[in-house]
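Asker: I'd like to ask some things about the structure below.
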Amino acid sequence: MSWAVVMAMTASSLGWGALALRATGVLDRLAWCERVAWSFGLGLGLIGWFGFWVALAGGAEPWGFVPVLVAGLPGLWWLRGAGFSPERFSPWTWAMLALALAVMAGDLIEGLAPPTDADSLAYHFAIPRQILREHRLVFVTRAADGAIPLLQQMTFLTALALGGEQAMTLWCGVSGWAAVAATYAIGRRHLSRDWALAGAVAMLTLPAMLYGAGSGQVEARMAAFTAIAAIAVMDARRGPGVGSAVIAGLAAGLCMASKYPGLLVAFLCGLAVLVSRGGLVKALAFAAAGLGAGLQWYGWNWWNTGDPVFPMLFGVVPYHDGVAWNAAQNAAFKEWGARIEAPLPRGVLEILVYPLRVTFFAPEALDAGRTGLGPLPVLLAPFAAVAGWRFRRHPVVRAWGVVAAIGVGFYLIWSVFGASQRVRHYLPFMPLVIVGLLAAAIRTRAASAVAVGLAAVILIQSAGQAVFVRNFAHRLWSGESRGAFIERNVGWSYAVAWANTHLKPGDRVVTNVRQWLYLLEVPTLFVTPNQQAEIEVRADNTDARLFWRQLRAHGITHAMVPSTAAAIVGPDGEGLTGLLGRVAAAGCGRVVAELHGPEPAQSRTLAAGTGTSTVAVMAFGTAGCPLE
């Protein structure tokens, strides 16, 4: 069933995208490979767009998503026809195809395993599962990973509703290929089949792609939207009519609906359309398509909080009464962001050397080592710069200058004002970067050196994929159970197994372990000192009465934290464990279980440690509680 659902979603994505291209008159202008790549990228975004309205209408049931998939299938008619190039297959062609198939097989092997990525378990998959349980769209009042654009998560919801967990994880792997298809299609505009294949394989094997595309992380799929938007902008500036501008707006809107940085992508693409010939009319068409595709999540945030980009406008716009956010929480959130998400200086020199730093001297905090963007852009850049200057008056170079301006503009603005310096935020531009640099670099006299360097990078990255997929392949070949695999790869998950067995359906848990949210069967509230104020657990809050009132307001019956019983009942704790200790000292709660298991794994790729860890479970009671 899971395979059938993934195949149906893939076919429907292609159909919906083809319908959009046909409706705007763009389809016939594209080569066959572009039709397919553009259709897949746009279509998967449209399935997510429809998913919002299905869930909002209370139709978050399997029957609610079937019509969406079926309605897209007629569009496949427009993708009929031969798409094979007359070029003969060279040894390089066969090698690239074989390597691509091997890497894609690894993606599917990962898709057959239960999810283990912390971000996916915390919200990419946890929020869709919560929506499915409640049969309606839910709002999570949590900054950065709750009250955010969730377009792609609606496609996960569709897969989960129709085919269960395995359909969802498989869909992540398959939908991640949209960016690879876009890379190949863009490359075929300027490169031979072999060079375009090499660029696509380089994209497929990027460390950030290998790490994120098979999980719920959105940047890999957002790369398809960004690539389509930028190329459609280039076409809109050069051609008559508004069709390409509408497609550019649609793709940019899907970026907006995927993640907050997509707002910047949409702004820069729209600006590039506006300053072209006939720009006002085209810009209006772009804006209408972009807002229609991407505005709904910002409206949803506003409806629930009063802030369309919650909580970025706190203190600027009035919040609705009862919204769980305050000045102290806002200050804690900003401090956390500056310390954890953006630890590097933002000076001119730091911005200029950032690509080199994250490639060769990667700070661990920025996810730039094993999960970064690889060395290929840095290796190609000098050759591309020479070719770009040599052919600077060529029309193709000038047209790509607009794409480069969008990419550089995003880099500079995000480097100065962006909330996070993690390198994966630049992954959406990598199809454009790879093709643009490669197309320029091979036109120098050092084309042979470029080929050698490209081959070396692809082989190194493919070896990294082999290491990464080993964990998932071991599970498949050994017949390891779902529970054993999760316990081996998800921190403190032995406590989840205990909770799912011992807690009753009417219980409600509070925890500070984010990767439990998808796995726990009982309703769970995740609390963090920085990102939510539903239950305030900041270090500066020691008010046990406030804490108790907030627990009671959310119907919390139990707490589960990685700690020992002795540490919880100690007198000097802070944060969640300190507040739990104060509640226990008041006689309003007691530790009912102390669980022991393996220490958390430090990596999804490398082996876990050999130590042990402890999780304490506290039950709350109101009888005789002086905090009532």
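The values are calculated or read from the model by the stated rules, or taken from the named source; none is laboratory data. Since the structure is predicted, the reported quantities are computational estimates derived from the model, not experimental observations. Using ideal geometry, Cβ is built from the backbone for each residue, glycine included, and neighbour counts are taken over all protein chains shown.
Asker: Which ranges mark the helices (runs of 4 or more DSSP H) fully within the stretch 421-504 that have 2 or more residues being in contact (Cβ under 8 Å) with a residue 12 or more places away in the chain and over 30 Å from LYS259 (Cβ atoms)?
Answerer: 447-478, 482-489, 494-502
Asker: Shifting gears a bit: Regarding ALA338, is this residue over 24 Å from the mean Cα position of the chain (by Cα), aliphatic (A, V, I, L, M) and not assigned by TED's automatic domain parsing to the domain that holds GLY407?
Answerer: When the stated conditions are applied, ALA338 does not pass them.
Asker: For ALA553, are the conditions met, namely being free of Cβ contacts under 8 Å to residues at least 12 places away in the same chain and either of a type in the set (A, V, I, L, M) or surrounded by fewer than 21 Cβ atoms within 10 Å (Cβ to Cβ) (or both)?
Answerer: So ALA553 passes the test.
Asker: While we're here: Looking at the stretch 115-130, I want the residues that are under 14 Å from GLY214 (Cβ atoms) and in a loop (DSSP other than H, G, I, E, B) and have a partner that is among the basic types (Lys, Arg) and at pLDDT below 95 with Cβ atoms under 9 Å, at least 6 apart or on another chain. Which pairs are those?
Answerer: THR116/ARG488; THR116/ARG604; ASP117/ARG604
Asker: Could you please give the count of residues in the stretch 187-242 that are buried (at least 24 other Cβ atoms within 10 Å of the Cβ), among the hydroxyl-bearing types (Ser, Thr, Tyr) and more than 16 Å from the chain's Cα centre (by Cα)?
Answerer: 1
Asker: Next up: Taking the stretch 367-386 as the search range and keeping residues that are at pLDDT 90 or above and in a loop (DSSP other than H, G, I, E, B), which one is nearest to the chain's Cα centre (by Cα)?
Answerer: The selected residue is LEU373.
Asker: If you don't mind, another one. Out of the stretch 1-57, which residues are β-branched (Val, Ile, Thr) and in contact with a Phe, Trp or Tyr (Cβ under 7 Å, 6 or more places away or on another chain)?
Answerer: VAL6, ILE47, VAL54
Asker: Right, here's the next one. SER258 fails exactly one of the following numbered conditions: (1) surrounded by fewer than 21 Cβ atoms within 10 Å (Cβ to Cβ); (2) closer than 29 Å to ALA368 by Cα; (3) not assigned by TED's automatic domain parsing to the domain that holds ILE413. What is the number of that condition?
Answerer: Among (1) surrounded by fewer than 21 Cβ atoms within 10 Å (Cβ to Cβ); (2) closer than 29 Å to ALA368 by Cα; (3) not assigned by TED's automatic domain parsing to the domain that holds ILE413, the lone unmet condition for SER258 is (1).
Asker: Quick check on the stretch 382-392. Is at least one of its residues in contact (Cβ under 8 Å) with a residue 12 or more places away in the chain and closer than 22 Å to GLU219 by Cβ?
Answerer: no
Asker: Of all residues in the stretch 1-49, how many are basic (Lys, Arg) and modelled with pLDDT of 95 or more?
Answerer: Residues in the stretch 1-49 being basic (Lys, Arg) and modelled with pLDDT of 95 or more: 2 in total.
Asker: Only one residue in GLU364, GLU350 is over 25 Å from the mean Cα position of the chain (by Cα) and of a type in the set (D, E, K, R), so which one is that?
Answerer: Selected residue: GLU350, the only one of GLU364, GLU350 that is over 25 Å from the mean Cα position of the chain (by Cα) and of a type in the set (D, E, K, R).
Asker: Hey, another quick one. Test each condition in (1) at pLDDT 95 or above; (2) over 22 Å from the mean Cα position of the chain (by Cα); (3) among the β-branched types (Val, Ile, Thr) for THR93 and report the one that comes out false.
Answerer: If we test THR93 against (1) at pLDDT 95 or above; (2) over 22 Å from the mean Cα position of the chain (by Cα); (3) among the β-branched types (Val, Ile, Thr), just (1) comes out false.
Asker: Give me a count of the residues in the stretch 358-402 that are crowded, with 16+ Cβ neighbours inside 10 Å and of a type in the set (D, E, K, R).
Answerer: Residues in the stretch 358-402 being crowded, with 16+ Cβ neighbours inside 10 Å and of a type in the set (D, E, K, R): 2 in total.
Asker: Moving on. Just the residues that are surrounded by fewer than 21 Cβ atoms within 10 Å (Cβ to Cβ) and outside any helix (DSSP H, G or I), please, taken from the stretch 25-79.
Answerer: GLY25, LEU30, ALA31, ALA57, GLY58, GLY59, GLU61
Asker: From ALA567, ALA593, grab the single residue that is over 35 Å from the mean Cα position of the chain (by Cα) and either modelled with pLDDT of 95 or more or assigned to a loop (DSSP other than H, G, I, E, B) (or both).
Answerer: Sole residue among the options that is over 35 Å from the mean Cα position of the chain (by Cα) and either modelled with pLDDT of 95 or more or assigned to a loop (DSSP other than H, G, I, E, B) (or both): ALA593.
Asker: Of everything in the stretch 210-263, what is farther than 19 Å from LEU30 by Cα and touching a Phe, Trp or Tyr at 6+ places or on another chain (Cβ under 6 Å)? Give them in sequence order.
Answerer: LEU210, GLY216, LEU254, CYS255, ALA257
Asker: Restricting the search to the stretch 264-284, which residues are in contact (Cβ under 8 Å) with a residue 40 or more places away in the chain and hydrophobic (A, V, I, L, M, F, W, C)?
Answerer: Within the stretch 264-284, LEU264, VAL265, LEU268, CYS269, ALA272, VAL273 meet the criteria.
Asker: Another question, then. If you take the residues in the stretch 570-590 that are outside any loop (DSSP other than H, G, I, E, B) and of a type in the set (Gly, Ala, Ser), which one is surrounded by the fewest Cβ atoms within 10 Å (Cβ to Cβ)?
Answerer: The qualifying residue surrounded by the fewest Cβ atoms within 10 Å (Cβ to Cβ) is ALA585.
Asker: List the helices (runs of 4 or more DSSP H) that sit entirely inside the stretch 145-208 and contain at least 1 residues that are among the hydroxyl-bearing types (Ser, Thr, Tyr), in contact (Cβ under 8 Å) with a residue 40 or more places away in the chain and farther than 28 Å from PRO128 by Cβ.
Answerer: Counting at least 1 such residues, we get 177-187.
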